[in-house]
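The values are calculated or read from the model by the stated rules, or taken from the named source; none is laboratory data. Since this is a predicted model, take the numbers as computed values, not measurements. Every residue, glycine as well, gets a Cβ built from its backbone with ideal geometry; the counts of neighbours run over all protein chains shown.
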Amino acid sequence: MYAIVEIAGQQFKVAKDQKVFVNRLQKEEGSKITFDNVLLVDDGKVTIGAPAIKGAAVTAKILSHLKGDKVIVFKKKRRKGYRVKNGHRQFLSEIQIESISVNSVKKAVKKKVEETKPKAEVKPKKVAAKKVAKADDLKKVEGIGPKIADIFKEAGIDSFAKLAKADVAKLKELLEGAGSRYASKVPDSWPKQAKLASEGKWDELKKWQEEVKGGIEK
């Protein structure tokens, strides 16, 4: 029995007791984690999701957090005298697959059938509407694009106020954990920009952004 599941933005073919290296997960070593974005399950009969299989889940245990092999990135511009050499080691987590669950799929179908049964008429009770706070548009911060905004929201940083209080080292760790494409980003000025945005100082923020280049103060 095996399954194809999405873990930290990547797809893996996994089976029970298999060990897999994935992008760094935001949980402690020894803890268990469940992935519910299962795209395919083969338990003698192949089930394909559209795109995910409702009710299916893969449970794993985090064995350790580590860094991958060093990758050298060398950039050069001809006749410009420009040469930059950087090294990068990807933050990884080693996990062990403990179970692939498809029983919950049957429960979901059974629940859906029960919901279709006629129920006794119940008078609706008046419930006070709860105000749902909308997440701030973090893309207004110079240097943050849609993907980076999603990375921060998944980590609980979904407002200007939270970003303003965030530690730069923590932001850098989140970017490195998302892959080499984002590891080169410099988040040093993002909390400062977010503080201006949270205080509604948009003119001051706009002026600051016009005076910087690439998110780095002149």
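For region 181-205, which residues satisfy the criterion of being loosely packed, with under 14 Cβ neighbours inside 10 Å and among the hydroxyl-bearing types (Ser, Thr, Tyr)?
Listed by number, the list holds a single entry, 184.
Taking region 130-161 as the region of interest, how many residues are closer than 22 Å to residue 9 by Cβ and among the basic types (Lys, Arg)?
3
Taking region 163-176 on its own, how many of its residues are surrounded by 18 or more Cβ atoms within 10 Å (Cβ to Cβ) and closer than 20 Å to residue 27 by Cα?
5
Tell me the residue from 95, 62, 72 that is touching a Ser or Thr at 6+ places or on another chain (Cβ under 8 Å) and at pLDDT 90 or above, please.
62
Is it the case, given these coordinates, that residue 71 is in contact (Cβ under 8 Å) with a residue 40 or more places away in the chain and among the aliphatic types (A, V, I, L, M)?
Judged against the criteria, residue 71 is a match.
Suppose the filter is loosely packed, with under 11 Cβ neighbours inside 10 Å and among the hydrophobic types (A, V, I, L, M, F, W, C); does residue 21 pass it?
Here the answer is no, as residue 21 does not meet what is asked.
Looking only at region 18-41, count every residue that is in contact with a Phe, Trp or Tyr (Cβ under 8 Å, 6 or more places away or on another chain) and not in a strand (DSSP E or B) and tell me the total.
Within region 18-41, residues that are in contact with a Phe, Trp or Tyr (Cβ under 8 Å, 6 or more places away or on another chain) and not in a strand (DSSP E or B) number 1.
Residues checked against (1) at pLDDT 65 or above; (2) part of a loop (DSSP other than H, G, I, E, B):
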| position | (1), (2) |
| --- | --- |
| 80 | yes, yes |
| 83 | yes, no |
| 99 | yes, no |
| 104 | no, no |
| 112 | no, no |
| 136 | yes, yes |
| 143 | yes, yes |
| 151 | yes, no |
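When you scan region 142-169, how many residues do you find that are free of Cβ contacts under 8 Å to residues at least 24 places away in the same chain and hydrophobic (A, V, I, L, M, F, W, C)?
Count: 5.
Tell me yes or no: at least one residue of region 42-58 is without any contact (Cβ under 8 Å) to a residue 60 or more places away in the chain, charged (D, E, K, R) and either part of a strand (DSSP E or B) or surrounded by 17 or more Cβ atoms within 10 Å (Cβ to Cβ) (or both).
Within region 42-58, one or more residues are without any contact (Cβ under 8 Å) to a residue 60 or more places away in the chain, charged (D, E, K, R) and either part of a strand (DSSP E or B) or surrounded by 17 or more Cβ atoms within 10 Å (Cβ to Cβ) (or both).
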